[in-house]
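Please read the structure below before turning to the comments.
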C-alpha cells in the first residue's frame, strides 16, 4: 500500500478559460470533473450561505466543473436549506436534501451518497474554511487513479493542538499514511459500500477504507477563518467522544474477524473463576460448616458474565 507525498496535487486542469486561444477547440474536461457530487452537510449555516453558493457557482464556471452539489440541511432551525435554494436562483447544479432533525455529518454524507449515482464524492464544509477553488485539485488526484484524496490543513488552526494529538494517535494505532484525518476529502463513492460508517465515524473513513485496501493520498490545502456563524465541532465532550470512538474503531478492526479472541478467553476465565469460587463456597459450607452467602452471589455473577461472553 502506498500513499501520495503531501502537497503533490496536480494543478487544476481548467476547461477553456483565459489561456485558451480564440477560435481553438476547448480543452477536454476530465471525466472526474463531470462525474462527481459535492456533498455539503449544513446545520444552521444560514449566515454562510450568501457566501457559499455564489463561490461554488463561480468555481464551477471557472474550472469547467459539471458535477452536482448536494447540500444536506441537517435539521437546521434557521432556514439554511431554503436560503440555499433562494441563493441558487435556479442554478441546476444544486440540490437540497433535508433531515427533519440533526443527525450528524456522517448521516448527511450517507444521505447524499444514497441520492446520487455519481462515481466520486467530495466532502465539503459549508463554513468555507476551505475554498471551492480546491475542488479541482482533489478531482485531479482521483483522475490519476487514487481511491481517496484527503487534505492536510495549512494555515492558522485554533484547534491544532487537539487535532495534532488525535491525528498522531490515529497514525500510531492504525498506521495510516496521512497526517490529517479531519479535513476536506474526495473519494470513490463505491467505497461506502465496503466501509460501514456509524454515527460520527466520518472522522475514521480514511482509516477504515485504508484497512480495506483502498489507496489514499494527501495534498496540502489552505485553511481559512470561518466566514460567519458558530463552530459546530468543539468542546471537551467532542474530545472525549473522539477518544472513545478511536478505541471502538481499533476494537472493530482488531477483532471483527475473530470476535472469540476478544470475548472467548475472558469468558472462559470468568466461568472458570466462577466454578472455582463455587467449589470454595461448597468447601466452606460442608467442610467448615460456614455459610457465606456473598460467595454464592459472586459465583452467579462470574458464571453468568462468562457464559454471556460466548453468546
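Read-outs throughout are calculated quantities, based only on the coordinates presented, and are distinct from any laboratory measurement. Please read these numbers as outputs of a predicted model, since none were measured by experiment. With ideal geometry, Cβ positions are generated from the backbone for all residues, glycine too; neighbour counts draw on all protein chains shown.
Below, the figures for the structure above:
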read-out	value
The stretch 272-298-the stretch 74-133 distance, computed between alpha-carbon centres (Å)	63
Zone of residue 29's modelled label, taken as backbone nitrogen in the stretch 82-99 under 12 Å from a point 7 Å along Cα→Cβ	93
Residue order, fewest to most beta carbons within 10 Å, for 245, 140, 92, 180	92, 245, 140, 180
Where labels lie 7 Å past Cα in the beta-carbon direction, separation of residue 194 and residue 308 in nm	3.7
Residue 114/residue 212 FRET efficiency (R0 22 Å; Cβ-Cβ; nearest 0.05)	0.65
Length released on extending from residue 133 to residue 297, taking residue separation times 0.36 nm less the Cα-Cα span	52.4 nm
